[in-house]
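The values are calculated or read from the model by the stated rules, or taken from the named source; none is laboratory data. The structure presented is a predicted model; accordingly, all values stated were derived computationally and were not measured. Every residue, glycine among them, receives a Cβ derived from its backbone with ideal geometry; neighbour counts consider all protein chains shown. For accessibility, only protein heavy atoms count, side chains too; no ligands or nucleic acids. Shrake-Rupley method; radii C 1.70, N 1.55, O 1.52, S 1.80 Å.
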Amino acid sequence: MSNKMRTWRVLSLVGVALACGRAAMAEQQDFSKVQIKVTKVSGNIYMLEGQGGNIAASVGEDGIVIVDDQYAPLADKIQAALKELKITDKPVRFVINTHYHGDHTGGNVPFSTAGSTVIAQDNVRKRLESGGTAGNGGSIKMDVKPAEKAALPIITFEHDVTVHLNGEDIRALHFPSGHTDGDSIIFFPKNNVVHMGDDFVRYGFPFIDVASGGSVQGMIEAMEKATAQLPPDVKVIPGHGALSNLDDVRAFTKMLKETSSAVQKAIDDHKTPDQMKQEKILAPWSKWKGDFVNEDGFIETLYNSLTGHKGEFMKHN
């Protein structure tokens, strides 16, 4: 991998967690060079990749529904990519946020200003509105500024909501305490597609926002419950990374369970996180390490999840 590509990848992965990055990331990156890649997933469901979280789009005669919207400077490019499909002249009617982080909600302002209705779980609005601090309870920590009014979802739900559009019952179902405390997984049952948000990612060890109510236990539960509800041949859109299937989700879940067990055993043996790092207890899973979350960072995440420690900077209950 070239230095340029590696630098871009690091910036991309940092964007995964930087909920405060709506302004900061926009200043650091040249979004003019970002191209939006569109992939047909199934029927009238498409996946859009650019910079930030993957977007799912239902495009049809009733209009467009998108799941997540990346960063504000990319909104026009996302709109243009959808128009280039030449399926409908109707606008993006609804935006569904899978969680509150800025690389998934940064486009809320331009889309809502253009007339889209933003929908999300209750805690997404609360965290966008209040700001605070995000992180894994350890070395991964970032301040989150309150979002402007136009970024806030105007329809929120506690457990689930269904959008009936384009002949599809698009269902957003809340899975608590996984990546954050406001996660939703989005089901497109007619087209046999699911968008997992950041409860399932393809960049390696996941960022779990323990400071925002996330936990490895909740992420495992979300993946197991979602997998049990899905057909074996469902097409899976991850929060980040390539289009996937249930085998990929199961491998990810297996890693979460195995690494959790390894850290729990060390906790039971009264070992500190520093001792766990020194002993390299996650070495058997080194293939999952990434530029953003390495073994040491994931040890912190697992330790804080399993012990209920959210860090001294936890803002929300």
(Q) Taking the conditions exactly as written (under 21 Å from A172 (Cβ atoms), in a helix (DSSP H, G or I) and either out of contact with any helix residue (DSSP H, G or I) (no Cβ under 9 Å at 6 or more places or on another chain) or not hydroxyl-bearing (S, T, Y) (or both)), does F111 satisfy them or not? (A) yes
Q. Taking only pairs six or more apart or across chains, which ones have beta-carbon atoms under 7 Å, a first residue in region 129-151 that is more than 22 Å from I119 (Cα to Cα), and a second residue that is open to solvent by 20 Å² or more (accessible area, probe 1.4 Å) and at pLDDT 95 or above?
A. N136/E300; G137/E300; G138/E300; S139/E300
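Open to solvent by 10 Å² or more (accessible area, probe 1.4 Å), hydrophobic (A, V, I, L, M, F, W, C) and farther than 19 Å from V95 by Cβ: is that true of L246 in this structure?
Numbers: open to solvent by 10 Å² or more (accessible area, probe 1.4 Å): no; hydrophobic (A, V, I, L, M, F, W, C): yes; farther than 19 Å from V95 by Cβ: yes.
Here the answer is no, as L246 does not meet what is asked.
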Q: Return a yes/no flag: does region 263-278 have any residue that is modelled with pLDDT of 95 or more and under 15 Å from I185 (Cβ atoms).
A: no
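Which one of K257, K235, K225 is in contact (Cβ under 8 Å) with a residue 60 or more places away in the chain and farther than 21 Å from T133 by Cα? Full working, then the answer.
Values: K257 fails: in contact (Cβ under 8 Å) with a residue 60 or more places away in the chain; K225 fails: in contact (Cβ under 8 Å) with a residue 60 or more places away in the chain.
Matching residue, one of K257, K235, K225: K235.
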Q: Give region 188-231 a look and list any residue that's within 15 Å of the chain's Cα centre (by Cα) and either more than 29 Å from D296 (Cα to Cα) or modelled with pLDDT under 95 (or both), or say none.
A: V194
Q. Going by the structure shown, is T98 part of a loop (DSSP other than H, G, I, E, B), at pLDDT 95 or above and in contact with a helix residue (DSSP H, G or I) (Cβ under 8 Å, 6 or more places away or on another chain)?
A. yes
Q.
Any residue that is under 16 Å from the mean Cα position of the chain (by Cα) and either closer than 23 Å to H104 by Cβ or surrounded by 20 or more Cβ atoms within 10 Å (Cβ to Cβ) (or both) - is there at least one of those in region 252-264?
A. yes
Q. Would it be correct to say that K271 is surrounded by fewer than 18 Cβ atoms within 10 Å (Cβ to Cβ) and touching a residue at least 24 places away in the same chain (Cβ under 8 Å)?
A. no
